[in-house]
Number of protein chains: 4
Amino acid sequence: MKTSIKTFLIALVSMAMFSLKQDKPTKIIFFGDSITQAGVNPGGYITKMKEMLEKQGIKDKYQLIGAGIGGNKVYDLFLRMEDDVLSQKPDVVVIYIGVNDVWHKSSHGTGTDADKFGNFYVAIIKKLQSQGIKVICCTPAAIGERTDNSNQQDGDLNYYSNIIRGIASKFDCPLIDLRKEFIAYNLKNNTSNKESGVLTTDRVHLNDAGNQFVADLMMKAVVK
Amino acid sequence: MKTSIKTFLIALVSMAMFSLKQDKPTKIIFFGDSITQAGVNPGGYITKMKEMLEKQGIKDKYQLIGAGIGGNKVYDLFLRMEDDVLSQKPDVVVIYIGVNDVWHKSSHGTGTDADKFGNFYVAIIKKLQSQGIKVICCTPAAIGERTDNSNQQDGDLNYYSNIIRGIASKFDCPLIDLRKEFIAYNLKNNTSNKESGVLTTDRVHLNDAGNQFVADLMMKAVVK
Amino acid sequence: MKTSIKTFLIALVSMAMFSLKQDKPTKIIFFGDSITQAGVNPGGYITKMKEMLEKQGIKDKYQLIGAGIGGNKVYDLFLRMEDDVLSQKPDVVVIYIGVNDVWHKSSHGTGTDADKFGNFYVAIIKKLQSQGIKVICCTPAAIGERTDNSNQQDGDLNYYSNIIRGIASKFDCPLIDLRKEFIAYNLKNNTSNKESGVLTTDRVHLNDAGNQFVADLMMKAVVK
Amino acid sequence: MKTSIKTFLIALVSMAMFSLKQDKPTKIIFFGDSITQAGVNPGGYITKMKEMLEKQGIKDKYQLIGAGIGGNKVYDLFLRMEDDVLSQKPDVVVIYIGVNDVWHKSSHGTGTDADKFGNFYVAIIKKLQSQGIKVICCTPAAIGERTDNSNQQDGDLNYYSNIIRGIASKFDCPLIDLRKEFIAYNLKNNTSNKESGVLTTDRVHLNDAGNQFVADLMMKAVVK
């Protein structure tokens, strides 16, 4: 008798939780730089994801929030994590950072040392995970789309991507390996070795194909 | 009658607090880069301050703690503030940072943008002050000791010093203006326009005269 | 008798040369970067000099030629000296270079080392002087107009200006010390410590006042 | 009859030329940076080539001269070409430059823009070829030996190597593609993805295996 009551109560609670879940969509914050800032614009990768969710009839299950600021590097994310992410109590955070950490070395003299890039990246993950937030990592896609490894920052971008891959693995974070995917896509589609115009407008920022490509890859990782 | 008891109790508590204060020295943390890391070595500026306090017979009133790490920039301080400073519950924190934020622009491509330098500096002060900690600011002394404004980073070092001066004023922090003092000292003592060897060994790190000079300036600000 | 004939002939040749000189204006080439490239535009400093010569009624005595190319550093001048200067057989060359050698360090990672800057500068002067060409040197005026020595490149610009001053003195070249003059002008006229807008449009390139200021200084050195 | 005389004369001239050649060794100048400067040291790649020529019994047929100076970039070669190369009237010049043009971007802010790298490279070849000198080009071997395209300058080094490949082809210069050869060698021999220690001591300068590897490749191109 007692057991049946217990079973009944568990079922009741489960149903309540389920309905609760129904009511409360999964809140996903996209935490990044100018690429993510543009992601909420019409045609942006976050906007495209919303449209895809709507088409699939599951738009109420997910709340997608852009938290990208132009020029951000990993330590900028760390600085504004409390205000822009934790305060919103998300379920999932997608970290998409690294381009400026590499790029600004040569354009402004203000990139991020590789070891410090790793330290801040880990600090962000630890803090988010300590709040029960699921963290998804992305590698930085591209600074230049040439396919013969001759974009100025290719080596460095690969190195920082390796750092992220190692951290994602260590901290059990799903990885959206944009760097790998962009290289593969360009090898197939950029046969004239163009510097930009395939997935980016300007070597870095996403054109429409790029936004769609990223949206597709993100969807696979985010929507289960 | 009630009033006199209250007055008596207040006096009692005050005496207790005073004796408590007697027992517990003022804990001062020096928070910085390699210059501060070397400050705790024999002959270092923190070591010299301890010796000066001992000579003055007040060494028990102050606990001086070095928290300098080579290569640190302002955001490194922010990252390790919790572990290296707040956990020690200091009464006073002396922030001495900025050389690498400027210098690493040209030597590694990994300096700190001026606006971000300010943002992190403010974030550190706010956090420390929110814990009731007194914050003392320092301007970065020198990268090169030439007196005709021809050291490569003179302009930038002056600019970042201006940022610190503005922040110190805004947040009511005492300022130890090392930059200004070093320039004045060199104008008097570096008549042959040498690049180093006056207060530094290598344009940046302090020689014995430099450590003494900094120790003297710090003492004035720290010991009341 | 022989002597009188000789004297007569000398007088004749002198007259012929004089009339030749009358016919042939002094050819002056302005050899530099984008500042000089813009100098031949309407309102540019070379255009203004031409107008000043015309007003003074001596426009036929001077031929002013702009040979400035945007982005040029000292070694670019050396590379194109044969084609752009020597081939034109000028009487005077005004070298106005140095801004990009300093500036591109932080904006592109492609500035010029100070010692090499000096080496190329000297090589240009030697080559020009070996052809009997009079060389006039200019210091690079400004990268930023703040008056408190807080423009990022102030130190480096002063250092490279010192190099030029030393070379000009060693090789007996008249010096137009634009750096010194710009600083003095700004100390008087830029009382609000603005970064640009006094003599420059964008910290580097000359506005109308800047073009007039440079034209005036050049005139003093060039027109005797 | 006429024909037989002609044949006889040709044979005579050939013999004379051969004996002339016997007397006068082919003079080869290695024109480069610190890697070439070290090439004349015991164990250096030029020293090894001399030893190889001696073993092959043809050391009298070649005169190998090192003309490498540490820190040199392409424009430094152009500046000292007259004094260090043309004045020696060599038969062959091996140009081995490019590492510092790329590397110094991030280490000193004084690398060389890609387009200017090409311009100076072409200017050197044109001048040498105009004097009847045979020019052999080399691509810059390595800044870091990791095999997964994650050395910081990999992209840029590949880009500058592409420039050299294009120029060598256009000006009919034999190419020693050190970059390609080093990558292939490391893919085979550097299975642990080490940053240095395979062909270099410090990512850039040649260890003994590196000097031997370069000597072997140079021999194939130089000794016919």
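Ignoring ligands and nucleic acids, what accessible area does A:Lys59 show with a 1.4 Å probe (Å², nearest 10)?
We get 110 Å² for A:Lys59.
Find the sum over both chains of the accessible area lost when A and D are paired, probe 1.4 Å, and report it in Å² to the nearest 100. Intermediate results must be reported in sequence, preceding the final value.
Details: alone 11560 and 11550 Å², together 22120 Å².
Heavy-atom accessible area buried at this interface is about 1000 Å².
Please report, for B:Glu82, the nm distances (one decimal) from its label point, 7 Å out from Cα along the beta-carbon direction, to the equivalent points in the remaining copies, shortest first.
1.0, 6.5, 6.5
Give, rounded to the nearest 20 debye, the magnitude of the charge dipole that chain B has about its Cα centre when Lys and Arg contribute +1 at Cβ and Asp and Glu contribute -1 at Cβ.
The calculated dipole for chain B is roughly 1020 debye.
So what's the angle, to the nearest 10 degrees on a 0 to 90 scale, between helix B:2-23 and the longest Cα principal axis of chain B?
40 degrees
Kindly identify residues of the range A:137-169 having a loss of at least 20 Å² in accessible area between the isolated chain and the assembly of all protein chains, probe radius 1.4 Å.
A:Arg146, A:Asp148, A:Asn149, A:Ser150, A:Gln152, A:Gly155, A:Asp156, A:Asn158, A:Tyr159, A:Asn162
Consider the operator that turns chain B into chain D: which B residue has a Cβ nearest its axis, and what is that gap in Å?
B:Ser107, 4
Just want to confirm a number: the relative contact order over chain A, from Cα pairs under 8 angstrom separated by 6+ residues, in percent. Provide the component values of the computation, followed by the final result.
Details: 343 pairs, mean separation 42.8, N = 224.
Relative contact order for chain A comes out at 19 percent.
Filter the trypsin sites (Lys or Arg not before Pro) in the range C:154-211 down to the DSSP loop ones having no more than 16 other Cβ atoms within 10 Å, then list what survives.
Counting only loop positions with at most 16 other Cβ atoms within 10 Å, the trypsin sites (Lys or Arg not before Pro) in the range C:154-211 are C:Lys194.
Under the rule of at least 5 residues apart or a separate chain, name every residue whose amide H is placed under 5 Å from the amide H of B:Gly68.
Amide H neighbours of B:Gly68: B:Gly32, B:Gln37.
Just to be sure I understand the model, the point goes 7 Å from the Cα along the line to the Cβ. What's the resulting C:Ser87 to C:Gln129 distance in nm?
2.7 nm
State in Å² the accessible area per residue of chain D; use a 1.4 Å probe, count heavy atoms of protein chains only, and round to the nearest integer.
I get 46 Å² per residue for this part.
Once you charge only the Cβ atoms, +1 for Lys and Arg and -1 for Asp and Glu, what is the size of the charge dipole of the protein assembly as shown about its Cα centre, to the nearest 20 debye? All intermediate terms of the calculation are to be shown ahead of the outcome.
Values: 112 positive and 96 negative charges, 20 e Å.
The calculated dipole for the protein assembly as shown is roughly 100 debye.
For the range C:83-96, what does the Karplus curve 6.51 cos²θ - 1.76 cosθ + 1.60, with θ = phi - 60°, yield as ³J(HN,Hα) per residue in whole Hz, taken in order and with x for Gly and Pro?
So the J values, rounded to whole Hz, are 5, 9, 10, 4, 4, 8, 6, x, 8, 9, 10, 9, 8, 10.
If you take every DSSP beta bridge whose two residues both sit in the protein assembly as shown, what share of them, in percent to the nearest 5, is antiparallel?
If we restrict to bridges inside the protein assembly as shown, about 5 percent are antiparallel.
Shortest first and in nm with one decimal, please list how far the A:Lys61 label point sits from its counterparts in the other copies (point 7 Å along Cα→Cβ).
Taking the point 7 Å beyond Cα along Cα→Cβ, the inter-copy spacings are 6.9, 7.8, 8.9 nm.
May I ask you to evaluate 6.51 cos²θ - 1.76 cosθ + 1.60, the Karplus curve with θ = phi - 60°, for each residue of the range C:69-82 and list the ³J(HN,Hα) values in order in whole Hz, giving x for glycine and proline?
Result, ordered by residue: 10, x, x, 5, 10, 4, 6, 5, 4, 4, 5, 9, 4, 4 Hz.
Step through the table entries C:Lys73/C:Lys180; B:Lys27/B:Lys127; A:Lys24/A:Lys116; A:Lys89/B:Lys126, compare each Cα-Cα distance with 28 Å, and write down the pairs that go over it.
On the way: C:Lys73/C:Lys180 20 Å; B:Lys27/B:Lys127 17 Å; A:Lys24/A:Lys116 37 Å; A:Lys89/B:Lys126 23 Å.
Long pairs (Cα-Cα over 28 Å): A:Lys24/A:Lys116.
Once amide H atoms are placed 1.01 Å from N in the peptide plane, what residues at a sequence separation of 5 or more from C:Val93, or on another chain, have their amide H within under 5 Å of its amide H?
The answer is C:Ile29, C:Lys134, C:Val135, C:Ile136.
Quick check on the range B:25-222: of the DSSP beta bridges with both residues there, what percent are antiparallel, nearest 5%?
5 percent
Quick one: pull the percent of accessible area on chain A belonging to carbon and sulfur, 1.4 Å probe, ligands and nucleic acids left out.
Working: 5610 of 10270 Å².
So the carbon and sulfur contribution to the accessible surface is 55 percent.
Angle, helix A:178-189 long axis vs. longest principal axis of chain A, Cα atoms, 0 to 90°, nearest 10?
Roughly 60 degrees between the two axes.
Keeping all protein chains in position, work out how much accessible area D:Asp208 exposes to a 1.4 Å probe, and write it in Å² to the nearest 10.
That residue has around 100 Å² of solvent-accessible surface.
Got the A:Asp172 label distances to the other copies yet, label 7 Å along Cα→Cβ, in nm, shortest first?
In ascending order, 4.7, 6.8, 8.3 nm.
I'd like the Karplus ³J(HN,Hα) series for the range D:130-140: coefficients 6.51, -1.76, 1.60, θ = phi - 60°, whole numbers in Hz, and an x wherever there's a Gly or Pro.
These are the phi-based 3J(HN,Hα) values: 5, 9, x, 8, 7, 10, 10, 9, 10, 7, x Hz.
Would you list, by chain and number, the aspartates and glutamates whose Cα falls below 12 Å from the Cα of A:Lys50, excluding same-chain residues fewer than 8 positions away?
Filter leaves A:Asp60, A:Asp216.
For the range C:117-187, what class follows from the C-alpha gyration tensor (a ≥ b ≥ c being the square roots of its eigenvalues): rounded when a/c is under 1.5, otherwise prolate if a/b is larger than b/c, else oblate?
Prolate, since a/c reaches 1.5 and a/b exceeds b/c.
The values are calculated or read from the model by the stated rules, or taken from the named source; none is laboratory data. On a predicted model such as this, the values are computed, not experimentally measured, just so you know. Methodologically, a virtual Cβ is constructed for each residue, glycine included, from the backbone with ideal geometry; neighbour enumeration extends over all protein chains shown. Keep in mind that these areas ignore ligands, DNA and RNA; they rest on the heavy atoms of the full protein, side chains included. Shrake-Rupley method; radii C 1.70, N 1.55, O 1.52, S 1.80 Å.
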